[in-house]
Structure formats: structure tokens, C-alpha cells
1. Going by accessible area, probe 1.4 Å, with all protein chains left in place, what is the ranking of Thr45, Thr82, largest first?
2. Local charge sum around Gln184 (other residues, Cβ-Cβ under 13 Å, Lys/Arg +1, Asp/Glu -1)?
3. Can you compute the modelled spin-label distance between Asp72 and Glu172, with each label point 7 Å from Cα toward Cβ, in nm?
4. In whole Å, largest first, what are the principal axis extents of the Cα atoms in segment 141-192?
5. What does the charge count near Arg48 come to, summing +1 for each Lys or Arg and -1 for each Asp or Glu among other residues with Cβ under 13 Å from its Cβ?
6. On a full-extension model of 0.36 nm per residue, what is the gain between Asp28 and Ile157, subtracting their alpha-carbon distance, rounded to one decimal in nm?
7. Provide the FRET efficiency to the nearest 0.05 for the Ala42-Gln190 pair, computing r from the beta carbons and using R0 = 35 Å.
8. Note down the net charge around Thr173, summing +1 for each Lys or Arg and -1 for each Asp or Glu among other residues with Cβ under 14 Å from its Cβ.
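The values are calculated or read from the model by the stated rules, or taken from the named source; none is laboratory data. In this text, all values refer to a predicted model and were calculated from it rather than measured experimentally. Positions of Cβ are backbone-derived with ideal geometry, glycine not excepted, and every protein chain shown enters the neighbour counts. For accessibility, only protein heavy atoms count, side chains too; no ligands or nucleic acids. Shrake-Rupley method; radii C 1.70, N 1.55, O 1.52, S 1.80 Å.
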Amino acid sequence: MEGSTVQTGKWSLSREAFEEFLACLDPDRERAGQKYEQIRRALITFLRCRGCWSPEESADETIDRVIRRMSDTRVEDMMSFTRGVARHVLAESHRSVREVPLLNEAPGLLHLEIMQGEDGSDFDLRMGCLLASLRELDAADHDLIMQWYRHDKSEKIRNRRKLAAARGVSVETLRVQVYRVRKQIQQLVQKCLTSSRVQ
């Protein structure tokens with residue numbers, strides 16, 4: 001990264017800008033490199049836990065933006081500042097459902113009550129937590145919930161009948177299984193929301 005120029009819109013990250021960023025982290029080059037890696041790892045974890053589909057790339061984009069903004073912004077707390085920029089990067093990635101293949105496959109998931117705040121707020125955070133929670137399900141439960149919400153309206157009914165038949169159970173039995181998975185998702189989402197709001 002440090003030896004290249006990375007294009008970000010009309011702005012480019014030069015080696016000199018990256019070196020200045022490292023110098024802000026620590027005057028000692030080796031310690032600065034270690035702090036850079038710590039920040040990047042923390043960002044990847046932060047983004048992954050919130051449902052980011054490309055946490056490594058988004059972490060690099062975050063750092064690029066931090067370096068760009070440091071030219072006209074005084075940074076007192078680098079980690080807090082970086083995390084704030086990461087929230088913007090994450091919000092941008094969630095803003096368009098087109099960028100979330102999983103929700104394109106099963107659009108009905110967006111209508112789960114777990115996605116609706118009391119005042120309709122926190123949509124980006126809730127979406128991120130939903131995506132992260134779906135990743136924590138075992139393969140069978142993940143497949144079930146994705147298939148259950150795959151279609152809308154009349155197609156949804158036909159799809160669920162086919163799904164039940166393929167599994168050798170009644171639609172009512174399948175509905176109970178889905179309810180169990182939904183409760184698990186709700187618990188995971190709530191845990192994610194609580195953790196996110198504490199930070």
C-alpha cells in the first residue's frame with residue numbers, strides 16, 4: 001500500500017501521504033506500522049460484525065478517507081475518528097439494497113419486524129446486524145430462512161408449499177421451524193444492536 005498510489009475518486013493516496021499518516025501514529029516507523037495494523041484489524045472486525053460484505057476492502061477505504069481528511073482536520077483520537085469514518089463507509093454500502101446480494105435473493109427478509117425500529121430509525125445498523133446474524137446460522141437454518149422468504153405475494157405461497165413438500169413435512173410444521181429460526185435471528189440481532197450501541 002505504502003509504495004503505490006491508490007485512486008479514490010479524484011483524490012489519490014500517495015506514498016508521501018501514507019508516510020505522513022504513519023508519522024502521526026508514532027514517530028518510530030516500526031511502532032507506527034504496528035499501530036496501523038492494529039487499527040486495520042480493529043476496523044475489519046468492526047465492519048464484519050455489522051454485516052459488511054467486504055470488510056477488508058472497506059477497512060482500506062476507511063483508512064484512505066482518514067488520510068485524505070487529515071489534511072484539513074485535526075485528529076485528537078485516531079481510533080474514534082477512524083471508527084466514525086468507518087460508520088459512513090458502512091452506511092454507504094448498506095444504503096442500496098442492490099449492493100447486498102443476500103437481500104436481493106430474499107427481499108422478504110427486509111420486512112421482518114426485527115428490521116423496524118420504534119421510530120423507523122437505525123435502518124443501516126439494523127440491516128448490518130441482520131446480515132451478520134444470518135451468517136451465524138448453521139447451513140440448514142440459513143437455507144430454510146432464505147428459501148422461506150425468497151418470493152413475495154402469490155408466488156410466496158406456492159414456494160412454501162414446494163419447500164414443505166421437498167422436506168417431507170406440512171407447511172404448518174415448516175412454519176414452526178421457521179419461527180424457531182426467526183427467534184434465533186431476533187436474539188442475535190438484539191445482541192448485535194446492544195453491542196453496537198455500547199461502542
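1. Numbers: Thr45 75, Thr82 5 Å².
Putting Thr45, Thr82 in descending order of accessible area: Thr45, Thr82.
2. Details: positive: Arg135, Arg180, Arg182, Lys183, Lys191; negative: Glu136, Asp138, Asp141.
Local charge sum for Gln184: +2.
3. Between Asp72 and Glu172, the simple spin-label model gives 6.6 nm.
4. The principal-axis extents, from largest down, are 34, 22, 15 Å.
5. Numbers: positive: Arg40, Arg41, Arg50, Arg135; negative: Glu56, Glu57, Glu136.
For residues surrounding Arg48, the net value is +1.
6. On the way: separation 129, 0.36 × 129 = 46.44 nm, distance 6.38 nm.
In short, 40.1 nm is gained.
7. On the way: r = 23 Å, r/R0 = 0.67.
Computed FRET efficiency for Ala42 and Gln190 comes out at 0.90.
8. Numbers: positive: Arg160, Arg161, Arg167, Arg175, Arg180; negative: Glu172.
Once all neighbours under 14 Å are counted, the net charge is +4.
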